[in-house]
Amino acid sequence: MAAPAAFEFCLRLGDNDLILSQRLGEWCGRGPVLEEDLALTNVALDLLGQARLWLGHAAALEGRGRDEDQLAFLRDAGEFRNLLLVEQPNGDYAHTMVRQFYFDAWHLPLLEALGSASDPSLRDIAAKAVKEVAYHLQRSRDWVVRLGDGTEESHRRMQAAADQLWPYTGEMLAADAVEASLGEAGFDLEAVGVPWRQQVESTFARATLEVPAAGWMQRGGKQGVHSEKLGLLLAEMQFLQRAYPGAQW
Amino acid sequence: MGTATATELSFQARIDEGIKIEPKDAMPEGYRQTLIRQISQHAHSEIVGQLPEGNWIGRAPTLQRKAILLAKVQDEAGHGLYLYSAAETLGVSRHDLIADLLSGKAKYSSIFNYPTLTWADIGAIGWLVDGAAIMNQIPLCRCSYGPYARAMVRICKEESFHQRQGFDILRVLCRGTPAQKAMAQDALNRWWWPSLMMFGPPDEQSSHSAQSMQWKIKLVSNDGLRQKFVDQTVPQADFLGLRVPDAALQWNEERGHYDFGAIAWEEFHQVIRGHGPCNRDRLATRQQAHHEGAWVREALNAHARKQQEGAHAV
Amino acid sequence: MLFEIFIRSQHGLAHKHVGSLHAPDAALALANARDVYTRRHEGVSIWVVPSAAITASSPGDKEPLFEPANNKVYRHPGFYHVPPEVKNL
């Protein structure tokens with residue numbers, strides 16, 4: 001894998017985890033059940049840990065002396081490489097769980113595919129993350145079924161969330177030049193689409209939810225063209241480092 | 001007060017001998033009610049306490065600080081859970097305890113009604129508020145009621161990093177830029193007195209203290225803990241290079257303790273009564289979370305019922 | 001539903017009661033128990049039991065239930081005097 005492509009790729013993985021973790025952190029102290037507050041924070045913590053590993057490795061690949069914090073706190077929205085899916089607001093719990101499920105169902109096979117990457121650091125980080133993400137998928141899948149096949153209201157909310165977030169799933173599964181170049185290094189990213197689709201279909205069936213119809217997919221996150229949401233998220237997240245440039249914390 | 005019955009005497013004898021009281025043991029109603037109130041207040045405090053700190057998770061200045069804060073707030077949810085669990089062994093339901101919290105009937109620690117205005121506040125909370133809490137909690141590991149004592153042991157084990165992370169935040173700020181040092185001093189100025197109030201009113205004003213001490217539900221007096229806290233914390237402030245906002249603070253060689261100024265108890269009582277800066281917000285946030293989560297809880301129950309019925313229908 | 005949680009922290013030890021939590025069914029109770037009670041890797045095995053399924057002896061039962069053990073003191077190894085010259089007994 002060419003160095004710039006590897007850097008871009010790690011940035012994408014790190015940014016996905018970071019932005020999604022930031023969103024999940026917003027639920028702290030506001031969850032529907034105390035046990036769930038704890039469990040969701042666990043997922044946020046896992047993702048943050050993974051983000052730090054990916055961003056740290058990206059910085060090393062870049063070789064310009066940046067670190068995980070400089071990447072996280074000093075890039076503007078146009079330099080972030082996360083999927084549009086993860087920057088979508090939390091909405092209600094149905095939205096949060098569907099967003100999580102769509103992501104986890106892609107994240108796990110992606111990390112498993114990285115097991116055959118030629119870069120040992122990529123393999124190591126992925127190996128560590130796989131265990132956590134297997135649990136995340138178990139969790140979010142379970143919640144999709146519980147809420148999808150719960151009450152009439154929960155079913156309605158889940159279907160609405162599934163439909164509203166569907167246009168953000170295409171971006172995950174369509175490889176671009178960066179990801180295509182990874183294929184040359186020995187593993188296939190497009191193949192992730194197959195288990196993803198299977199997971200969504202089987203889980204939605206158990207959840208009595210309809211898989212949304214194929215339609216226009218939103219794109220741009222991976223290239224740094226984001227929704228209006230990301231700027232606001234970053235304004236909050238980056239505030240202290242921007243207000244006190246160069247300070248140690 | 002009339003003469004104690006034989007049952008009350010034998011109950012007190014168990015306590016005096018250090019034998020733990022366990023769920024379903026015979027116990028005076030006063031003991032049970034005092035414990036329910038004390039444990040549930042503690043649980044509510046952990047839950048409400050997530051909010052002032054949760055306020056800064058999104059703005060933590062480094063990824064490491066963000067992770068640490070997330071872990072801390074998660075621990076607090078866990079502590080609330082252990083404590084509701086302990087309270088439930090006394091024959092109340094978590095549902096009823098939460099209802100009392102949301103209606104404003106139940107109390108929680110006054111300290112969480114103060115706002116977190118800067119990142120330094122997160123440091124001050126860890127250092128002072130968790131410091132005060134630990135001071136209160138360690139003796140409770142020896143309290144007479146088994147489930148409560150065991151919950152406290154678990155909590156104390158997890159709490160040790162909470163205070164250290166707060167102190168560390170301030171340590172870095174105090175050796176940082178002048179603006180950061182000023183941020184730290186400002187946080188101490190605002191959190192010092194409310195932290196002292198955490199130990200409760202002076203002993204002579206505390207009506208339930210004597211009975212709670214006898215029952216080993218309360219193991220050290222309010223004033224005793226408060227003095228210990230001041231003695232321990234002032235040298236730490238000195239180390240940080242921060243000034244404790246108390247003109248009357250002075251080491252008393254004769255007593256072997258710090259003398260400190262008068263606490264504004266009227267503020268404490270107003271905050272307890274609901275007039276603190278954040279009481280309404282804290283309660284409103286909890287009410288909203290509970291209300292918006294209702295459909296989720298109903299869905300969970302509905303799904304579980306369906307699975308059970310499906311299992312029986314063959 | 002209230003569930004009681006039991007954790008075995010190491011192979012070879014017995015499960016220990018650590019507390020309780022609320023969940024709509026055993027599957028979610030197990031998942032929650034992992035997050036609530038094993039955040040610091042204190043768990044190798046988790047058991048969740050609906051609280052209603054537990055039958056407990058009543059504290060007043062101590063005498064009839066446990067008295068037979070108390071007056072057969074010869075069951076305890078400390079009852080016997082072993083001469084100091086005798087090893088490995």
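Here are some conditions: (1) buried (at least 16 other Cβ atoms within 10 Å of the Cβ); (2) not in a helix (DSSP H, G or I). A:Leu230 meets all but one. Which one does it not meet?
The failed condition is (2).
Taking region A:193-213, which residues are in contact with a Gly (Cβ under 9 Å, 6 or more places away or on another chain) and either at pLDDT below 95 or on the phi > 0 side of the Ramachandran plot (or both)? If you could, list the steps in order and put the result at the bottom.
Initial filter on region A:193-213 (in contact with a Gly (Cβ under 9 Å, 6 or more places away or on another chain)): A:203-204, A:206-209.
Across region A:193-213, the qualifying residue is only A:Thr208.
Check region A:81-90 and report whether any residue there is hydrophobic (A, V, I, L, M, F, W, C) and surrounded by fewer than 22 Cβ atoms within 10 Å (Cβ to Cβ).
Going residue by residue through region A:81-90, those that are hydrophobic (A, V, I, L, M, F, W, C) are A:83-86.
If we keep only those that are surrounded by fewer than 22 Cβ atoms within 10 Å (Cβ to Cβ) too, we end up with none.
No - not one qualifying residue is present in region A:81-90.
Just to be sure, is B:Ala86 at pLDDT 95 or above and within 17 Å of the chain's Cα centre (by Cα)?
yes
With the structure loaded, tell me whether A:Leu48 is in contact with a Ser or Thr (Cβ under 6 Å, 6 or more places away or on another chain), within 13 Å of chain B (Cβ to nearest Cβ) and of a type outside the set (Val, Ile, Thr) or whether it fails that test.
yes
Any chance region A:22-29 includes a residue that's facing another protein chain (nearest Cβ under 10 Å) and within 18 Å of A:Arg81 (Cα to Cα)? So that I can check it myself, show each step before the final result.
First pass over region A:22-29, keeping only residues facing another protein chain (nearest Cβ under 10 Å): A:22-29.
Remaining after also requiring within 18 Å of A:Arg81 (Cα to Cα): A:22-23.
Checking region A:22-29: at least one residue is facing another protein chain (nearest Cβ under 10 Å) and within 18 Å of A:Arg81 (Cα to Cα).
Pairs under 7 Å by beta carbon, first residue free of Cβ contacts under 8 Å to residues at least 12 places away in the same chain in region A:193-208, partner surrounded by 13 or more Cβ atoms within 10 Å (Cβ to Cβ) and outside any helix (DSSP H, G or I), six or more apart or different chains?
Pairs that qualify, where the first residue is free of Cβ contacts under 8 Å to residues at least 12 places away in the same chain and the partner is surrounded by 13 or more Cβ atoms within 10 Å (Cβ to Cβ) and outside any helix (DSSP H, G or I), are A:Glu201/A:Val211.
List every residue pair whose Cβ atoms lie under 7 Å apart, where the two residues are 6 or more positions apart in sequence or sit on different chains, the first residue falls within region B:273-302 and is in contact (Cβ under 8 Å) with a residue 12 or more places away in the chain, and the second residue, located anywhere, is in a loop (DSSP other than H, G, I, E, B) and surrounded by fewer than 18 Cβ atoms within 10 Å (Cβ to Cβ).
If the second residue must be in a loop (DSSP other than H, G, I, E, B) and surrounded by fewer than 18 Cβ atoms within 10 Å (Cβ to Cβ), the pairs left are B:Gly274/B:Gly104; B:Pro277/B:Pro115; B:Cys278/B:Pro115; B:Leu283/B:Gly104.
Listed here are the residues, each with its yes/no results for (1) within 22 Å of A:Glu8 (Cα to Cα); (2) assigned to a helix (DSSP H, G or I); (3) at pLDDT below 95; (4) not polar (S, T, N, Q).
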position	(1), (2), (3), (4)
A:His95	no, yes, no, yes
A:His107	yes, yes, no, yes
A:Ser118	yes, no, yes, no
A:Ala126	yes, yes, no, yes
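What pairs can you find where one residue is in region C:10-38 and more than 7 Å from every other protein chain (Cβ to nearest Cβ) and more than 13 Å from A:Arg146 (Cβ to Cβ), the other is in a strand (DSSP E or B) and among the hydroxyl-bearing types (Ser, Thr, Tyr), and their Cβ atoms are less than 8 Å apart, with a gap of 6+ or different chains?
Taking only residues 6 or more apart or on different chains, the pairs are C:His15/C:Ser45.
Determine which member of the set A:Ala113, A:Ala175 is farther than 18 Å from A:Leu18 by Cα, among the hydrophobic types (A, V, I, L, M, F, W, C) and not in a helix (DSSP H, G or I). I'd like the intermediate steps shown before the answer.
Details: A:Ala113 fails: not in a helix (DSSP H, G or I).
Testing whether each residue is farther than 18 Å from A:Leu18 by Cα, among the hydrophobic types (A, V, I, L, M, F, W, C) and not in a helix (DSSP H, G or I) leaves just A:Ala175.
Run down A:Ala127, A:Ala134, A:Ala117 and say which single residue is of a type in the set (A, V, I, L, M, F, W, C) and touching a residue at least 40 places away in the same chain (Cβ under 8 Å).
Going through A:Ala127, A:Ala134, A:Ala117 in turn, just one is of a type in the set (A, V, I, L, M, F, W, C) and touching a residue at least 40 places away in the same chain (Cβ under 8 Å): A:Ala117.
Out of (1) in contact (Cβ under 8 Å) with a residue 24 or more places away in the chain; (2) within 14 Å of another protein chain (Cβ to nearest Cβ); (3) under 24 Å from A:Gln88 (Cβ atoms), the odd one out for A:Trp216 is which?
In the conditions (1) in contact (Cβ under 8 Å) with a residue 24 or more places away in the chain; (2) within 14 Å of another protein chain (Cβ to nearest Cβ); (3) under 24 Å from A:Gln88 (Cβ atoms), A:Trp216 misses (2) alone.
Does B:Ile68 meet the test of being more than 8 Å from every other protein chain (Cβ to nearest Cβ) and closer than 27 Å to B:Met198 by Cα?
yes
Having 3 or more residues that are under 17 Å from the mean Cα position of the chain (by Cα), at pLDDT 95 or above and closer than 20 Å to B:Val271 by Cα is the bar; report the helices (runs of 4 or more DSSP H) wholly within region B:114-228 that clear it.
It comes to B:178-197.
Looking only at region A:51-69, count every residue that is of a type in the set (Asp, Glu) and at the interface with chain B (Cβ under 9 Å from one of its Cβ atoms) and tell me the total.
2
Among the numbered conditions (1) in contact (Cβ under 8 Å) with a residue 12 or more places away in the chain; (2) in contact with a helix residue (DSSP H, G or I) (Cβ under 8 Å, 6 or more places away or on another chain); (3) exposed (fewer than 14 other Cβ atoms within 10 Å of the Cβ), tell me where B:Thr233 comes up short.
Condition (3) is where B:Thr233 drops out.
Count, please, the residues in region C:39-53 that happen to be within 9 Å of another protein chain (Cβ to nearest Cβ) and either under 19 Å from B:Gln74 (Cβ atoms) or in contact with a Cys (Cβ under 7 Å, 6 or more places away or on another chain) (or both).
2
Determine whether region A:70-79 contains at least one residue that is under 12 Å from the mean Cα position of the chain (by Cα), more than 30 Å from B:Arg94 (Cα to Cα) and more than 8 Å from chain B (Cβ to nearest Cβ).
Scanning region A:70-79, I find no residue that is under 12 Å from the mean Cα position of the chain (by Cα), more than 30 Å from B:Arg94 (Cα to Cα) and more than 8 Å from chain B (Cβ to nearest Cβ), so the answer is no.
Matching residues to (1) in a helix (DSSP H, G or I); (2) within 20 Å of the chain's Cα centre (by Cα); (3) more than 14 Å from chain B (Cβ to nearest Cβ); (4) surrounded by fewer than 16 Cβ atoms within 10 Å (Cβ to Cβ):
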site: A:Gly150; (1), (2), (3), (4): no, no, no, no
site: A:Arg157; (1), (2), (3), (4): yes, no, no, no
site: A:Ala160; (1), (2), (3), (4): yes, no, no, yes
site: A:Gln164; (1), (2), (3), (4): yes, yes, yes, no
site: A:Pro167; (1), (2), (3), (4): yes, yes, yes, no
site: A:Ser181; (1), (2), (3), (4): yes, no, yes, no
site: A:Ala191; (1), (2), (3), (4): yes, yes, yes, yes
site: A:Trp196; (1), (2), (3), (4): yes, yes, yes, no
site: A:Val200; (1), (2), (3), (4): yes, yes, yes, no
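Results for (1) farther than 28 Å from A:Pro245 by Cα; (2) free of Cβ contacts under 8 Å to residues at least 24 places away in the same chain; (3) within 12 Å of another protein chain (Cβ to nearest Cβ); (4) surrounded by fewer than 20 Cβ atoms within 10 Å (Cβ to Cβ), shown as yes or no for each residue.
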| residue | (1), (2), (3), (4) |
| --- | --- |
| B:Tyr108 | yes, no, no, no |
| B:Ala133 | yes, no, no, no |
| B:Cys143 | yes, no, no, no |
| B:Ala151 | yes, no, yes, no |
| B:Phe161 | yes, no, yes, yes |
| B:Gly166 | no, no, no, no |
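Only one of (1) more than 7 Å from every other protein chain (Cβ to nearest Cβ); (2) under 17 Å from the mean Cα position of the chain (by Cα); (3) closer than 30 Å to A:Ala72 by Cα is not met by B:Gly54, so which one is it?
Against the list (1) more than 7 Å from every other protein chain (Cβ to nearest Cβ); (2) under 17 Å from the mean Cα position of the chain (by Cα); (3) closer than 30 Å to A:Ala72 by Cα, B:Gly54 comes up short only on (1).
With the requirement that a residue be part of a loop (DSSP other than H, G, I, E, B), in contact with a helix residue (DSSP H, G or I) (Cβ under 7 Å, 6 or more places away or on another chain) and surrounded by fewer than 24 Cβ atoms within 10 Å (Cβ to Cβ), what does region A:3-45 give you? Write out each step before concluding.
Narrowing region A:3-45 to residues part of a loop (DSSP other than H, G, I, E, B): A:26-33.
From the residues that got through so far, the ones that are in contact with a helix residue (DSSP H, G or I) (Cβ under 7 Å, 6 or more places away or on another chain) too are A:27-33.
Matches in region A:3-45: A:Trp27, A:Arg30, A:Gly31, A:Pro32, A:Val33.
The values are calculated or read from the model by the stated rules, or taken from the named source; none is laboratory data. This is a predicted model, so every value here is computed, not measured. Heads up, the Cβs are rebuilt from the backbone with ideal geometry, glycines too, and the neighbour counts pull from every protein chain shown.
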